[in-house]
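Report on the following structure.
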């Protein structure tokens, strides 16, 4: 990717006018490979009533940005995230069903995770908030928490792969701790998603919980959050990452290439937290006890699975899909941070302009935790 910050517009929306305030951003111009990520100088957003402008201090990297760029959410894609993102025939197009809710609003700025500082407030805002360090809740329940309607920063509207991002004031949460900006940037998407799954599955003291993909951002968060509730956590990861996963709270680790059902036996787990899916899905239901809960918010190992309906209904299983976050999730995370109950896992930090390197290394899955991008410093 050309890392030169260009003022060349690709449509009127991103055409900086003479004398207009600008910022640097990575603009994703459509579905396709890394060539779709363009470093650009774009107009600085102006907060309207009920909005704030946040200076991005650090932005996490997640599967969702890659999935959105390659159009993985489209029903036409049958493979897992890694295969879809590295396919040789990856086409530069715009899939009409490739976004979370509808067609992705290309060209736009991705970036779901944001640790930042409030830089400006809308006309009716509180100027005293300026300068406050915040985390941005990326999942927005547009019709309130009694409705499932939701949109996501960095997937449905401009996100944090920029020097600034504009968000509704109700989605910024002050956080008071001694963590670095990069450490805080690991929290929003991964830990919010994991806490939502743990919350929905009603993980409780003494539960036997199985977490797949336990070294990734969501998986490593789920290990910590399930243990925090008093569960006994069994984690699935590669042999090379066993010690690191044990260190964050897993009671035992099963190698990713092992036979999960043979290792655990049938009817041994109360809860399965699974963002891998793929060929192992059937065995994951078999290890659940009668009345067990299976919860998922992803399918990096493959979205199409084989379900034996007899296993599902004869065991009285509860299958829980998680996208929209419940109201308590983000405030709970802020309190866990401020009480020192979470361990941030920064795998690597890179400058924002090296986003291609970050996503390529992210897909290699050799890391534990999260990659974080740091925007360029402000000029002047």
Condition met for residue 313 (part of a helix (DSSP H, G or I) and at pLDDT 95 or above): yes
Checklist (1) within 20 Å of the chain's Cα centre (by Cα); (2) modelled with pLDDT of 95 or more; (3) surrounded by fewer than 21 Cβ atoms within 10 Å (Cβ to Cβ) applied to residue 364, failing item: (2)
Lone unmet requirement of (1) surrounded by 14 or more Cβ atoms within 10 Å (Cβ to Cβ); (2) in contact with a helix residue (DSSP H, G or I) (Cβ under 7 Å, 6 or more places away or on another chain); (3) outside any helix (DSSP H, G or I) for residue 306: (1)
Subset of the range 344-360 that is under 16 Å from the mean Cα position of the chain (by Cα) and outside any strand (DSSP E or B) - its residue that is surrounded by the most Cβ atoms within 10 Å (Cβ to Cβ): 355
Complete set of residues in the range 255-279 that are buried (at least 21 other Cβ atoms within 10 Å of the Cβ) and part of a strand (DSSP E or B): 269, 271, 272, 273
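Yes/no matrix, rows are residues, columns are (1) over 26 Å from the mean Cα position of the chain (by Cα); (2) assigned by TED's automatic domain parsing to the domain that holds residue 201; (3) within 19 Å of residue 193 (Cβ to Cβ):
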site	(1), (2), (3)
249	no, yes, yes
270	no, yes, no
274	no, yes, yes
293	no, yes, yes
296	no, yes, yes
314	yes, yes, no
Residues of the range 197-231 classified as assigned to a helix (DSSP H, G or I), buried (at least 24 other Cβ atoms within 10 Å of the Cβ) and in contact with a strand residue (DSSP E or B) (Cβ under 8 Å, 6 or more places away or on another chain), total: 7
Matching option when the condition is within 20 Å of residue 341 (Cα to Cα), assigned by TED's automatic domain parsing to the domain that holds residue 61 and within 17 Å of the chain's Cα centre (by Cα), among 222, 194, 182, 214: 182
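Here's the yes/no breakdown for (1) modelled with pLDDT of 90 or more; (2) surrounded by 15 or more Cβ atoms within 10 Å (Cβ to Cβ); (3) over 19 Å from residue 304 (Cβ atoms); (4) assigned by TED's automatic domain parsing to the domain that holds residue 365:
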{"residue": "65", "(1), (2), (3), (4)": "yes, yes, yes, yes"}
{"residue": "81", "(1), (2), (3), (4)": "no, yes, no, yes"}
{"residue": "87", "(1), (2), (3), (4)": "no, no, no, yes"}
{"residue": "96", "(1), (2), (3), (4)": "no, no, yes, yes"}
{"residue": "108", "(1), (2), (3), (4)": "yes, yes, yes, yes"}
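The values are calculated or read from the model by the stated rules, or taken from the named source; none is laboratory data. All values reported here derive from a predicted model rather than from experimental measurement. Here Cβ is always computed from backbone atoms with ideal geometry, including for glycine, and neighbour counts include all displayed protein chains.
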